[in-house]
Amino acid sequence: MITGHRGAAALAPENTLAGIQKAFESGIEWIEIDTQLSADNIPVIIHDKTVRRCTNGKGRVGELTLSELKTLDAGSWFSNEFAGETIPTLKETLLACQENGLNMNLEIKIHNEHEVKPLVEKVVETVKHLNFPVETLLFSSFSHTALAYCQDLYPEVRRGFVTKHKPSNMLDTIKPLNLYSLHIDHRILNETLAKSIKEMGLILMIWTLNDPKKIDKFTAWGVDNIITDKPNIF
């Protein structure tokens, strides 16, 4: 029912191995993390287009090699406790999930459409190389194109569409993607929309809910999974 957002973003620096460890210690079964490519085409775990917000460096992720990314401190911005934490690779993160028995909701982070094909190909290659169990993996994305390409390359892995908008034709446009789930900003979800999503047979996830007092309302609407920065209090 509970997914740790970017690991456990209120407890440790987001999208780091330390965050995954905190999520595991919270007792949850799922984490959500973001992946994109380094300049040398290695899938790494980071959300933003640039490294400025969550490291001591600067520059675009896609213009820095893995070795350059690994020199950055991705923990001190959060607290001194996590000084020296690095940006993990997708491979490192998959191994950490296997070690801790965690399921992974892997967001394919697309900042430009030309990134779709190389990123999805490298993600699928990495997942298959490690024989990561498909039943413990979910590909998600804001990008229809990325989800369609995931469907082509690795249809065995479930797929979820992420959205922060509520266009009237959204549910019609995602039907061809043969999705498992829909992940929606909890602030725009209402009971009518929730009912429509559930009637399509989709698993309904909301993000990013950090107030446990609101759980009853959302579960009454049929929400199946809550993505939160604070898995420990949920």
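The values are calculated or read from the model by the stated rules, or taken from the named source; none is laboratory data. Here the structure is a predicted model, which means the values were calculated and not measured. Glycine gets a Cβ as well: all are built from the backbone with ideal geometry, and neighbour counts include every protein chain shown.
Remarks
- Unmet criterion (only one of (1) touching a residue at least 60 places away in the same chain (Cβ under 8 Å); (2) among the polar types (S, T, N, Q); (3) not in a strand (DSSP E or B)) for Q36: (3)
- Some residue of the range 210-224 being assigned to a loop (DSSP other than H, G, I, E, B), touching a residue at least 40 places away in the same chain (Cβ under 8 Å) and closer than 18 Å to H5 by Cβ: yes
- Restricting the range 53-97 to residues that are touching a residue at least 40 places away in the same chain (Cβ under 8 Å), of a type in the set (S, T, Y) and not in a loop (DSSP other than H, G, I, E, B), the residue that is nearest to T35 (Cα to Cα) is T89.
- Residue in the range 102-118 that is farther than 20 Å from K49 by Cβ, out of contact with any Leu (no Cβ under 8 Å at 6 or more places or on another chain) and surrounded by 15 or more Cβ atoms within 10 Å (Cβ to Cβ) present: yes
- Candidates A39, A74, A96, A83 - the one that is of a type in the set (A, V, I, L, M), touching a Leu at 6+ places or on another chain (Cβ under 6 Å) and farther than 20 Å from L130 by Cβ: A39
- Checked against the criterion of being at pLDDT 95 or above, under 20 Å from N103 (Cα atoms) and in contact with a His (Cβ under 8 Å, 6 or more places away or on another chain), the range 161-175 has at least one qualifying residue.
- Qualifying residue in the range 160-173 (condition: of a type in the set (G, A, S), buried (at least 16 other Cβ atoms within 10 Å of the Cβ) and in contact (Cβ under 8 Å) with a residue 40 or more places away in the chain): yes
- Scope the range 149-206; condition in a loop (DSSP other than H, G, I, E, B), among the small types (G, A, S) and over 15 Å from G222 (Cα atoms); matching residues: S168
- K70 vs. criteria closer than 24 Å to H114 by Cα and over 17 Å from the mean Cα position of the chain (by Cα): no
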